[in-house]
Amino acid sequence: MSVIILGIESSCDDTSAAVIRDGLLLSNVVASQAIHESYGGVVPELASRAHQQNIVPVVHEALKRAGVSKEELSAVAFTRGPGLMGSLLVGVSFAKGFARSLNIPLIDVNHLNAHVLAHFIKEENEMTKQPTFPFLCLLVSGGNSQIILVKAYNEMEVLGQTIDDAAGEAIDKCSKVMGLGYPGGPIIDRLARQGNPKAFSFSKPHIPGLNYSFSGLKTSFLYSLRDWIKEDPDFIEHHKMDLAASLEATIVDILMDKLRKAAKQSNIKEIAIAGGVSANNGLRNAFREHALKYGWEVYIPKFSYTTDNAAMIAITGYLKYLDKDFCSIELPAYSRVTLQ
Ligand code: KG4
């Protein structure tokens, strides 16, 4: 009999539901929340209200597109955390109620594990190259910058991580300082394509081991900009593209330096990238260049699986289902957690 998993994701500002049958993705519906743009960041209370409005239609649409009735589902997998508590509670409560009403198992998913396991999503008529264990994964998002050693789908070890800001957070904040929109990542990416990455230089951190730090870069960017604006009040407008390209290049260099070090130390050449910042074209190009230069086998996700989505929750749920790794209905959501 087929195993059909409904995945639910509501950790931040995307309400998403996906259906996977025997490891093959049938649907992945994402409702994003434009309301936060005018605030320059996610407003937690508005996010949870929007999740409440979106969750039922999004799940309904995911089942419809998959051509699956709710009675056919084998289990419901949901993001338990980390994330915004008010947002998580909407998805967690819905998943619990839905699974209970259908009398099927519940599967809790760690959002960070799911970003890594997005590389195992299979789609009809698409040849997806999947990493083999053990592999390294650079997980870079608005809340995380980590180098993870993935020994098995359910055994991950964090080798290094940011000691302050995440890479995405630094990009978003620098973009805000420049008066660009939110989220800054895609805007910086677009502008950087037309700029000179060597036009400006910003300070890079000197952190031992495999950890990252991005708060110094943010300050360096802010102070440099303040000085330049004193000379030319329209400095940002005149140098927008070069600023974006130089900022992006600095962040990519910082990320790749430590990743090279991790690859060398662990002697692993299977290297993946995941999380929202993995949509960045500069970072994706650096991955391809490293593959050629260092003989790495690299795994770069489809754009739709870089940012938050329920397909990654459903595939993680599917893998846990095969191990009968279910959870109790009493399990609470968690806002902060490391990898399991
Ligand atoms: O994984 P994600 O959707 O959410 C979490 O943080 O969990 O990541 C969002 C982050 C934001 O900081 C956003 O600016 C960044 O990913 N991002 C990008 C790009 N697309 C999204 N950063 C750089 N280049 C992009 N193309």
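The values are calculated or read from the model by the stated rules, or taken from the named source; none is laboratory data. These numbers were taken from a predicted model, which means no experiment stands behind them. We place every Cβ from the backbone using ideal geometry, glycine too, and count neighbours over all the protein chains shown. SASA here: full protein model, heavy atoms, side chains in, ligands and nucleic acids out. Shrake-Rupley method; radii C 1.70, N 1.55, O 1.52, S 1.80 Å.
Averaged per residue, the chain has 44 square angstrom of accessible surface, using a 1.4 angstrom probe with ligands and nucleic acids left out. Of all beta bridges that DSSP places with both ends in region 135-301, some 60 percent have antiparallel geometry. Sequence-ordered 3J(HN,Hα) estimates for region 306-311 from the Karplus curve with 6.51, -1.76 and 1.60 and θ = phi - 60° stand at 7, 7, 4, 7, 8, 4 Hz, glycine and proline given as x. For Ala272, nonlocal amide neighbours, meaning residues 5 or more places apart or on other chains whose placed amide H falls under 5 Å from its own, are Leu136, Cys137, Leu138, Tyr299. With both residues required to sit in the chain, DSSP beta bridges show an antiparallel share near 60%. For region 197-277, trypsin sites (Lys or Arg not before Pro) meeting the loop criterion (DSSP other than H, G, I, E, B) and having at most 10 other Cβ atoms within 10 Å: Lys198.
If you bin every alpha carbon distance in region 135-301 into 5 Å steps from zero, what whole percent lands in each bin? Each 5 Å bin holds this share of Cα pairs: 2, 9, 18, 22, 19, 14, 8, 5, 2, 1, 0.
Simple spin-label estimate for Ile229 and Lys151 gives 4.9 nm between the two label positions (7 Å along the Cα-to-Cβ direction from each Cα).
Mean residue ellipticity, 222 nm, helices only, the chain: the sum of -39500 (n - 2.57) across DSSP H runs of n ≥ 4, divided by residue count and rounded to 500, is -14000 deg cm²/dmol. Rolling a 1.4 Å probe over the protein heavy atoms of region 135-301, with every protein chain left in place, gives an accessible area that is 50 percent carbon and sulfur. Across region 145-192, the convex hull enclosing all Cα atoms gives 101 Å³ per residue.
To the nearest ten degrees, helix 235-266 and the longest principal axis of the Cα atoms of the chain are 60 degrees apart.
When only C-alpha pairs under 8 Å and at least 6 residues apart count, what is the relative contact order of the chain, in percent? Mind showing how you got there, number by number?
Values: 726 pairs, mean separation 83.9, N = 340.
Normalised by residue count, the contact order of the chain is 25 percent.
Summarising the amide proton neighbourhood of Cys327: residues at separation of 5 or more, or on other chains, whose placed amide H is nearer than 5 Å comprise Leu106, Ile107, Asp108.
Only Cα sites of the chain enter the Debye sum here, all with the same form factor; the resulting log10 I(q)/I(0) across q = 0.13 1/Å is -0.97, listed in q order.
A 1.4 Å probe, protein heavy atoms only, puts the accessible area of Met178 near 10 Å².
Apply the a/c threshold of 1.5 to the C-alpha gyration tensor of region 243-285 and tell me whether it is rounded, prolate or oblate.
It comes out oblate by the Cα gyration axes.
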